[in-house]
1. Does Glu125 count as assigned by TED's automatic domain parsing to the domain that holds Gln193 and within 16 Å of the ligand (Cβ to nearest atom)?
2. Out of the residues in the range 166-196 that are loosely packed, with under 14 Cβ neighbours inside 10 Å and part of a helix (DSSP H, G or I), which is nearest to the ligand (Cβ to nearest atom)?
3. Of (1) closer than 30 Å to Lys220 by Cα; (2) surrounded by 15 or more Cβ atoms within 10 Å (Cβ to Cβ), Ile258 satisfies all except one. Which?
4. Check Ala10, Ala31, Ala63 and return the single one that is closer than 30 Å to Val249 by Cα, touching a Gly at 6+ places or on another chain (Cβ under 6 Å) and not basic (Lys, Arg).
5. Six or more apart or on different chains, Cβ under 6 Å: which pairs go from a residue in the range 202-218 that's on the phi < 0 side of the Ramachandran plot to one that's surrounded by fewer than 23 Cβ atoms within 10 Å (Cβ to Cβ) and basic (Lys, Arg)? Could you list them?
6. Can you name the residue in the range 20-40 that is in a strand (DSSP E or B) and not hydroxyl-bearing (Ser, Thr, Tyr) and, of all such residues, is most open to solvent (accessible area, probe 1.4 Å)?
7. Out of the range 129-165, which residues are under 21 Å from the mean Cα position of the chain (by Cα) and open to solvent by 60 Å² or more (accessible area, probe 1.4 Å)?
8. Of all residues in the range 83-100 being of a type in the set (D, E, K, R) and closer than 18 Å to Leu33 by Cα, which is nearest to the ligand (Cβ to nearest atom)?
Amino acid sequence: MSISHKFCIAPMMQCTDIHDRFLFRLITKKALLYTEMVTTGAIIHGRCYEQLKFNNDIEHPVAVQLGGSDPHELAECAKICGSLGYDEINLNIGCPSERVQKGSFGACLMQDPELVKDCIVSMQEVTTTPVTVKCRIGVNDRDDIDFLNNFVSKILTPSLKTLIVHARVAILKGLTPRQNRQIPPLKYDNVYQLKDEFPDLEIVINGGIKNIDESLDHLKIVDGVMLGRSPYDNPMIVNNVDSKIFHEVDIGLDRKSILKAYLKYCLEQIENGYPLSRTLKHIFGLNRGLKNAKAYRSLILETMQKNNLKATQDDLIALV
Ligand SMILES: Cc1cc2nc3c(=O)[nH]c(=O)nc-3n(C[C@H](O)[C@H](O)[C@H](O)COP(=O)(O)O)c2cc1C
């Protein structure tokens, strides 16, 4: 069964781990969730299966994101991820970090579309799970539509149905990954024009989208939206995604009920070996913008430092 890309929550290292995805599943059942990027090296040499764990009962639809550039290694990882039951395997061609460039993957691969195509073909050969790509609109000074069209025309294979495009160039030298998400200007028009050029390709737009209303505007032109920082910083903005984007009934839990359920989960996770520092960090923004937000954030921090949730959970719940 094919999954919908109408509303996606972006892959984010240190953020969209299994716990964060648990939180999002208390708020929306329909948004497509992405894991953090997992590198082929971590899977094959580091045997980091821990990073590939997901909660099969509640997380679907869920996509794993892989980072790598060796078609054989990517195929090996795609096979593992396919057998684990992910709904999609996404290849990261958008990350500009120096570390990633040293491994010759991420955004620098936009300069080698033939290799990207080899990677996609190799991955898709070994699994029936759909393989997708996440890229930028270009690299360095190539922020023109010709570069993007040329890249896409060269990576196209019949199996590639979906492309996620972060609407900024990646500057490969001189900017940190964080600056690379802020300084290059957003060029949504390039992504819109790409949809025009490749109408049969499902195009998901990413970068700087703040809320559902902006998402609905983009959805008039492209097939899907992907949001990263805004839902991570303020998870409640996705509480009406299921109704507004998918025309289904929202889960409808209020903020307090979500927090109660998540804190219960955090306590359970201690038994599973996940300290509070790993789980509580995802809920700093749960009452963002509300009057107790500051006191709530301080108490989360204090709880993490003292490593004692039982002592503060009632006060936390009272603050939202
Ligand atoms: C902390 C952080 C970690 C990120 N890690 C990844 C990653 O692992 N893979 C990836 O493709 N993009 C990663 N990104 C980029 C996001 O997926 C997204 O493309 C970018 O933040 C722009 O979308 P936004 O403006 O909605 O946040 C990361 C972004 C942030 C803020």
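The values are calculated or read from the model by the stated rules, or taken from the named source; none is laboratory data. All figures in this text were calculated on a predicted structure; none of them were measured in a lab. Don't worry about glycine lacking a Cβ; one is built from the backbone with ideal geometry, like all the others, and counts go over all protein chains shown. Ligands, DNA and RNA are stripped out before the accessible areas are found, and what is left, the full protein with its side chains, is counted by its heavy atoms. Shrake-Rupley method; radii C 1.70, N 1.55, O 1.52, S 1.80 Å.
1. So Glu125 fails the test.
2. Here the answer is Gln179.
3. (1)
4. After applying the criteria, what remains is Ala10.
5. Glu202/Lys161; Ile203/Lys195; Ile212/Lys244
6. That would be Glu36.
7. Pro130, Lys161
8. Glu88
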